[in-house]
Amino acid sequence: MTSILNSKSSSRRTLLKAGALLPAASLLGHTATATAASEAPANSNAHTANLGDFQISTLLAGSRVAEEPQNIFGMNVSAEEFAEASAANFIPIDKTRFYFNPSVVRAGDDVVLFDTGLNQKGILSALEQAGLTAGDITVVVITHMHGDHIGGLIGEDGSATFPNARLVTGQTEFDAWAKTGNERFEKIVKPMADKFEFISDGKSVVSGVTAMAAHGHTPGHMIYMLESNGKQLVIAADTANHYVWSLAYPDWEVKFDMDKAAAAATRRTVFGMLAADKIPFLGYHMPFPGVGFVAPREDGFQYVPVSYQLALG
């Protein structure tokens with residue numbers, strides 16, 4: 001890898017351990033269908049851009065509104081501090097919207113799907129908007145085992161959604177859930193255990209797609225560096241679950257982070273790296289299409305959504 005494994009950046013990985021269907025130069029604008037917000041495919045979209053010789057599609061596999069967001073984000077700060085930060089970013093404090101953004105990378109002969117959304121219906125609808133079917137997917141990468149990332153692996157009848165794909169996930173993540181379990185892991189992943197390939201930090205999924213340990217959100221949460229023809233982008237999964245209340249304030253506690261101290265340390269390391277090296281990232285829960293840059297801000301960071309940077313060839 002050019003940015004993560006060179007001498008300047010090797011310490012960053014050490015810290016982490018601790019804690020094709022469209023024209024080659026195209027950028028698709030997203031299309032939308034107005035439906036009620038729900039955990040089924042709501043406003044399913046696809047947004048496609050190029051990264052070197054790769055082509056990356058962000059898929060909106062679902063969206064929903066949640067009440068009382070400080071029950072989820074900023075749990076360790078006062079209501080006044082939470083309200084002040086929210087007002088400064090023009091967002092309300094009584095509601096928030098969650099986005100579920102799996103992504104597809106067309107890398108040579110492989111079509112790699114990162115995470116599968118809440119359910120089969122949502123991921124299939126989102127893939128269709130990107131001009132793909134389940135049968136086109138050759139690799140499915142599960143960044144971690146929370147239900148909104150594994151839900152689309154099977155249908156309601158238990159049938160596998162991606163019959164032609166090899167399944168890949170982190171060894172540490174799988175082992176942790178195999179010991180403690182959760183309802184969706186037991187129902188979806190455990191019966192498919194013999195179909196998974198297990199990888200660790202620094203290993204490649206396919207050429208140009210490298211795993212990076214980013215633990216804390218879950219015991220073996222992984223992110224992925226994409227590199228093609230001198231261009232880079234990080235699939236950041238759930239390193240941050242909100243562009244303000246998590247990314248901008250990395251020390252704010254998030255309900256869904258299983259090890260809150262480790263998750264905060266990982267946010268500082270990952271987003272510090274992205275800010276220093278000016279590498280774009282794709283966040284699973286960032287506002288769709290979920291691709292942006294990170295800039296330093298006081299004791300935290302600022303999310304800068306991508307506009308046309310990836311459409312310049």
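Kindly establish whether residue 169 is crowded, with 18+ Cβ neighbours inside 10 Å, part of a loop (DSSP other than H, G, I, E, B), among the β-branched types (Val, Ile, Thr) and under 18 Å from the mean Cα position of the chain (by Cα). Working first, answer last.
Numbers: crowded, with 18+ Cβ neighbours inside 10 Å: yes; part of a loop (DSSP other than H, G, I, E, B): no; among the β-branched types (Val, Ile, Thr): yes; under 18 Å from the mean Cα position of the chain (by Cα): yes.
It is false that residue 169 is crowded, with 18+ Cβ neighbours inside 10 Å, part of a loop (DSSP other than H, G, I, E, B), among the β-branched types (Val, Ile, Thr) and under 18 Å from the mean Cα position of the chain (by Cα).
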| field | Failed item in (1) modelled with pLDDT under 95; (2) farther than 19 Å from residue 133 by Cβ; (3) not aromatic (Phe, Trp, Tyr), with residue 84 passing the rest | value | (1)
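Can you pull out every residue in the stretch 237-295 that is aromatic (Phe, Trp, Tyr) and under 17 Å from residue 60 (Cα atoms)? Spell out the reasoning first.
Step one: of the stretch 237-295, the residues aromatic (Phe, Trp, Tyr) are 243, 245, 249, 252, 256, 271, 281, 284, 288, 293.
243, 281, 284, 288, listed by residue number.
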| task | Select from the stretch 139-161 the residues that are surrounded by 15 or more Cβ atoms within 10 Å (Cβ to Cβ) and over 19 Å from the mean Cα position of the chain (by Cα) and list them in ascending order. | result | 154, 160, 161
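Test residue 238 against the criterion of being under 30 Å from residue 106 (Cβ atoms), modelled with pLDDT of 95 or more, within 16 Å of the chain's Cα centre (by Cα) and not basic (Lys, Arg), and give yes or no.
Yes; evaluated as a whole, the condition is true for this residue.
Just checking, which of 119, 76 is under 17 Å from the mean Cα position of the chain (by Cα) and farther than 20 Å from residue 236 by Cα? Let's see the steps before the verdict.
Details: 76 fails: under 17 Å from the mean Cα position of the chain (by Cα).
Being under 17 Å from the mean Cα position of the chain (by Cα) and farther than 20 Å from residue 236 by Cα holds for just one of 119, 76, which is 119.
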| note | Flagged pairs (Cβ under 8 angstrom, 6 or more apart or on separate chains; first in the stretch 104-116, closer than 17 Å to residue 233 by Cα; second aromatic (Phe, Trp, Tyr)) are 104/114; 105/54; 105/114; 106/54; 107/54; 113/162; 114/224; 115/284
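Yes/no matrix, rows are residues, columns are (1) out of contact with any Ser or Thr (no Cβ under 8 Å at 6 or more places or on another chain); (2) assigned to a strand (DSSP E or B); (3) at positive phi:
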residue	(1), (2), (3)
47	no, yes, no
55	no, yes, no
77	yes, no, no
83	yes, no, no
87	yes, no, no
92	no, no, no
111	no, yes, no
123	no, no, no
141	no, yes, no
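The values are calculated or read from the model by the stated rules, or taken from the named source; none is laboratory data. A quick note: this is a predicted structure, and the numbers were derived from the prediction, not measured. When we count neighbours, we look across all protein chains shown, and the Cβ atoms used for this are built from the backbone with ideal geometry, even at glycine.
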